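To start, the structure itself, in structure tokens.
Bear in mind these aren't lab numbers, they're just calculated from the coordinates by the rules spelled out. Please read all numbers here as calculations on a predicted model, not as lab measurements. In this analysis, Cβ positions are derived from the backbone assuming ideal geometry, glycine residues included, and neighbour counts consider all displayed protein chains.
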Amino acid sequence: MTADPAFRADVLAGFRMRPRAIPARWFYDHQGSLLFEKITALPEYYPTRVETALLAAAAPDIAEAVGPGRAVVEFGSGSSVKTPHILGAVRPAAYVPIDISGEFLRESAAALASGFPRLSILPVEADFMLPIEPPPAIAALPKLGFFPGSTIGNMVPRTAVNLLRAMAETLGEGAMLLIGIDRVKDVGTLIAAYDDAAGVTARFNLNLLHRINRELDADIPVDGFVHRARWNDDEARIEMHLEAVRDLSFTIAGETFGMAAGETIHTENSHKYGPREARLLLRAGGWSPIREWTDADDQFALILAES
Ligand code: AVJ
């Protein structure tokens, strides 16, 4: 398999730096995407379940607040479970899913097309972290951005603000944004969600090493690592790490690396926000929150904002 040069560069740079770190976006090869799907069904992983229920319950309210005739632009399309709730309620003039994985994009567009045969679906294969030129067909329509899943939590606040500003730019005059943001909550609930009893999140994290071995001509002994999930209270985030359980030596793309027992690779951040923090983040990113929906236990929030 010919590896993505950006993957190779991020992995080599990540193993050279201290502390070692690899961006979370590289979790999602085919195997990683399947494992993430499994995570969303775990009893401990509340975000997907709570957000989907929120969307279903709030759909009529959302439709009323958003009004007719918009184009829905989904950033990092994927969730075949959540999108139909929005499309069914808002009844948009067009739907534009944006994703880096062309294969994934075509699959989910095809699945949605059968449920919404008269909807104009215009997939865009792009990295949503960069500014995007929307398809000309929707140029004249007001937009509703849709960014579910608390994917914003993967970014440090500085990057999250930059992304929100880029989204406002992409979506143009009179745009709205519906965003899902996970709440700060008790540490036990958070840790369980990222270190489940069945070990699926551990497999998801360790799959990154398998992916490096598969794609970058590497010989990392995956059994020399364990999954760690910890709450970083200063930064208000769950962190995932891979910790070496013994002294290790391995090569990646011809370069040799050593790790001592106890050394870690930081693989993911998942930032959590309280109610005011979430609204402040949106304001810093150029959006004004106008409505908000949460579950009875305030586990997760859906926020509607205007630019
Ligand atoms: C897809 C980034 C929202 O942070 O909860 C789930 C990814 N990582 N379990 C999250 C994830 C471990 C997930 N996001």
- Add -39500 (n - 2.57) for each DSSP H run of 4 or more in the chain, then divide by its residues: what number comes out at 222 nm, to the nearest 500 deg cm²/dmol? -12000 deg cm²/dmol
- Message: Between 0 and 90 degrees, rounded to the nearest ten: what's the tilt of helix 157-171 against the longest Cα principal axis of the chain?
- Response: 40 degrees
- Item | Semi-axis lengths, Å, region 1-139, gyration tensor of Cα atoms, sqrt of 5 times eigenvalues | 31, 20, 14
- Amide H to amide H, which residues 5 or more places from Phe225 or on other chains are under 5 Å from it, using H placed in the peptide plane? Val245
- Task: Quickly work out the Ser120-to-Arg91 label distance, labels modelled 7 Å from Cα along the C-beta direction, and quote it in nm with one decimal.
- Result: 1.7 nm
- May I ask for the Rg/Rh ratio of region 59-196, computed from Cα atoms with Rh as the Kirkwood radius, given to two decimals? 0.98
- Item | 0 to 90° range, to nearest 10: angle between helix 5-16 axis and the chain longest Cα axis | 50 degrees
- Message: Once you place label points 7 Å from the Cα toward the Cβ at Lys185 and Asp219, how far apart are they in nm?
- Response: 4.5 nm
- Item | Whole-Hz couplings from phi, Karplus 6.51/-1.76/1.60, listed for region 54-64; x for Gly and Pro | 4, 4, 4, 6, 8, 3, x, 4, 4, 4, 5
- Note on the structure: Any lysines whose Cα falls less than 23 Å from that of Lys272, other than same-chain ones fewer than 8 residues away, would be Lys38, Lys82, Lys185
- Item | Gyration tensor (alpha-carbon) shape descriptor, region 115-193, a/c threshold 1.5 | prolate
- Nearest-20 debye value, the chain charge dipole, Cβ charges on Lys, Arg, Asp, Glu: 460 debye
- Mean separation of Cα contacts under 8 Å, 6 or more apart, over the residue count of the chain: relative contact order %: 21 percent
- Once you've got the GNM for the chain with C-alpha springs shorter than 10 Å, pick whichever of Thr40, Thr48, Thr201 has the biggest mean-square fluctuation. Thr40
- Report the net charge of residues surrounding Leu178, where surrounding means a beta-carbon distance below 12 angstrom and charges are Lys +1, Arg +1, Asp -1, Glu -1. -1
- Given the Cα-Cα distance of Glu173 and Thr159 and 0.36 nm per residue of separation, how much length would full extension add, in nm? 2.8 nm
- Message: Let me check I've understood the local charge: for Ala21, count other residues with C-beta under 11 angstrom from its C-beta, Lys and Arg +1, Asp and Glu -1. What total comes out?
- Response: 0
- Note on the structure: Quick shape summary for the chain, equivalent ellipsoid via Cα gyration tensor, semi-axes whole Å in descending order, reads 34, 22, 18
- Query: Based on the Cβ-Cβ distance from Asp234 to Ala9, what FRET efficiency comes out when R0 is 30 Å, to the nearest 0.05?
  - Reply: 0.55
- Item | Distant-in-sequence amide H partners of Val184 (H built 1.01 Å from N, under 5 Å) | Tyr273, Gly274
